[in-house]
Amino acid sequence: MMDLKALLPASNIILDLAAKQRHELLTVLVSPLVSKGVIKDQAQFIADLEQRESQITTQIETAVALPHARSNAVRRLGLTVGIAPAPGIEYTPGAPELCRLFFLIAVPAFAPTAHLPLLQRLACFAHDRPRVEKLLASTSPARAARQLVMFKPKL
Amino acid sequence: MRETLESLLALQELDIVLSESQILHRQQTHHGIADVRSKIERLRGELPEAILKRYDQLRASGIAVVKENDGVCGGCRLSVPKGDLNRMYRGAIPWVCPNCGKFLLLQARV
């Protein structure tokens, strides 16, 4: 099973996401990965994220979105988590729910399926509404990281 | 060959998007999934049978199409011999990595 602890240091978790629209949100979520050198071209990666969203939305019905994209701008697999204050952010135009929880996955173009086990695990978490509510109530990035790392999906 | 490989790469991308969406949206019917499925069917209809068969075999164990960059295969990261590359460009041999066997989309030569 993928080691989420190595992929998700507390510095990759952003509580109180200050963003009003999707582009702004993606820019904030991408920034920890840019500063760690996981992403070498922020603009290119955000364009790839938007392109992926245009194919099928990554928002699921529990007010969670899992934006991800394969990109030449990515050096290695990366993950950031963002929590927006209530009522949330309109991630997909026209969607019935606003989003509060975001899992952003950066996927290198040379390993286009490397993220699927991670996506599977995060999707299991995201479909579990009580767990999502508990994560949304996290008071520190370290606690949020611990909750995600401890989560063992029933596959 | 380039057109075929570009179509295969697009097909692979759509296949991965479909897998991702099935993970995310589970059994829920999402209109986007039907769109992707129809694009996949259209692309598969345009590709030769033998190429598709090989593509499906490769996809069963991971990635089928990779890009060549400066003589290096994007799949196995090994150098492709220059002689092989020249033969591929001339159309004398299929665009397949001699090391890992994946379809190899060659860089456009200037």
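The values are calculated or read from the model by the stated rules, or taken from the named source; none is laboratory data. Just so we're clear, the structure is a prediction, and the values are computed from it rather than from any experiment. Here the Cβ positions follow ideal geometry from the backbone for every residue, glycine too, while neighbour counts run over all protein chains shown.
Let me confirm something: among A:Asp41, A:Asp48, which residue is of a type in the set (Asp, Glu), touching a strand residue (DSSP E or B) at 6+ places or on another chain (Cβ under 6 Å) and on the phi < 0 side of the Ramachandran plot?
Only one candidate passes the filter, namely A:Asp48.
Just one of the numbered conditions (1) within 14 Å of another protein chain (Cβ to nearest Cβ); (2) outside any loop (DSSP other than H, G, I, E, B); (3) not hydrophobic (A, V, I, L, M, F, W, C) is not true of A:Thr57; which one?
(2)
Given the conditions (1) surrounded by fewer than 18 Cβ atoms within 10 Å (Cβ to Cβ); (2) under 24 Å from B:Ile16 (Cβ atoms); (3) within 14 Å of another protein chain (Cβ to nearest Cβ); (4) more than 12 Å from the chain's Cα centre (by Cα), which single one is not true for B:Asp70?
Status for B:Asp70: all satisfied but (2).
Only one of B:Leu47, B:Leu58, B:Leu9 is surrounded by 18 or more Cβ atoms within 10 Å (Cβ to Cβ) and either within 12 Å of the chain's Cα centre (by Cα) or not charged (D, E, K, R) (or both); which?
Numbers: B:Leu47 fails: surrounded by 18 or more Cβ atoms within 10 Å (Cβ to Cβ); B:Leu9 fails: surrounded by 18 or more Cβ atoms within 10 Å (Cβ to Cβ).
Unique residue meeting the criteria: B:Leu58.
How many residues does segment A:71-81 contain that are within 11 Å of another protein chain (Cβ to nearest Cβ) and modelled with pLDDT of 95 or more?
Qualifying residue count, segment A:71-81: 0.
Does segment A:84-98 contain any residue that is modelled with pLDDT under 95, part of a helix (DSSP H, G or I), closer than 25 Å to A:Arg131 by Cα and of a type in the set (D, E, K, R)?
Among the residues of segment A:84-98, not one is modelled with pLDDT under 95, part of a helix (DSSP H, G or I), closer than 25 Å to A:Arg131 by Cα and of a type in the set (D, E, K, R), which makes the answer no.
Assigned to a helix (DSSP H, G or I), at pLDDT 90 or above and not aromatic (Phe, Trp, Tyr) - does that describe any residue in segment B:76-83?
Here is the first cut: in segment B:76-83, the ones assigned to a helix (DSSP H, G or I) are B:82-83.
Restricting the remaining residues to those that are at pLDDT 90 or above gives B:82-83.
Adding the requirement that they be not aromatic (Phe, Trp, Tyr) leaves B:82-83.
Checking segment B:76-83: at least one residue is assigned to a helix (DSSP H, G or I), at pLDDT 90 or above and not aromatic (Phe, Trp, Tyr).
Name every residue in segment A:119-155 that is in contact (Cβ under 8 Å) with a residue 40 or more places away in the chain and within 10 Å of chain B (Cβ to nearest Cβ), in order of residue number.
Those that are in contact (Cβ under 8 Å) with a residue 40 or more places away in the chain and within 10 Å of chain B (Cβ to nearest Cβ): A:Leu119, A:Arg121, A:Leu122, A:Ala123, A:Ala126, A:His127.
Tell me whether segment B:46-57 contains one or more residues that are within 12 Å of another protein chain (Cβ to nearest Cβ), out of contact with any Cys (no Cβ under 8 Å at 6 or more places or on another chain) and among the hydrophobic types (A, V, I, L, M, F, W, C).
No.
Filter segment A:23-54 down to the residues that are surrounded by 20 or more Cβ atoms within 10 Å (Cβ to Cβ), more than 14 Å from chain B (Cβ to nearest Cβ) and in contact with a helix residue (DSSP H, G or I) (Cβ under 8 Å, 6 or more places away or on another chain) and list them by number.
Scanning segment A:23-54 gives A:Leu26, A:Val30, A:Pro32, A:Leu33, A:Ile39, A:Phe45, A:Ile46.
Cβ-Cβ below 7 Å, separation at least six or inter-chain, first residue in segment B:1-22 and modelled with pLDDT under 90, second surrounded by fewer than 16 Cβ atoms within 10 Å (Cβ to Cβ): which pairs?
Within 7 Å, the pairs are B:Met1/B:Gly91.
Out of segment B:92-110, which residues are more than 26 Å from A:Ser71 (Cβ to Cβ) and within 18 Å of the chain's Cα centre (by Cα)?
B:Ile93, B:Pro94, B:Pro98
Got at least one residue in segment A:82-105 being within 11 Å of chain B (Cβ to nearest Cβ) and either of a type in the set (A, V, I, L, M, F, W, C) or over 15 Å from the mean Cα position of the chain (by Cα) (or both)?
Yes; the residues of segment A:82-105 include at least one that is within 11 Å of chain B (Cβ to nearest Cβ) and either of a type in the set (A, V, I, L, M, F, W, C) or over 15 Å from the mean Cα position of the chain (by Cα) (or both).
Hey, can you tell me all the residues within segment B:23-44 that are loosely packed, with under 14 Cβ neighbours inside 10 Å and within 14 Å of chain A (Cβ to nearest Cβ)? Full working, then the answer.
Looking only at segment B:23-44, we keep the residues that are loosely packed, with under 14 Cβ neighbours inside 10 Å, and these are B:26-29, B:31, B:34-35, B:37-38, B:41-42.
Matches in segment B:23-44: B:Arg26, B:Gln27, B:Gln28, B:Thr29, B:His31, B:Ala34, B:Asp35, B:Arg37, B:Ser38.
Working only within segment A:60-116, note down all residues that are under 23 Å from B:Ser61 (Cα atoms), in contact with a helix residue (DSSP H, G or I) (Cβ under 6 Å, 6 or more places away or on another chain) and among the hydrophobic types (A, V, I, L, M, F, W, C).
Across segment A:60-116, the qualifying residues are A:Ala69, A:Ala106.
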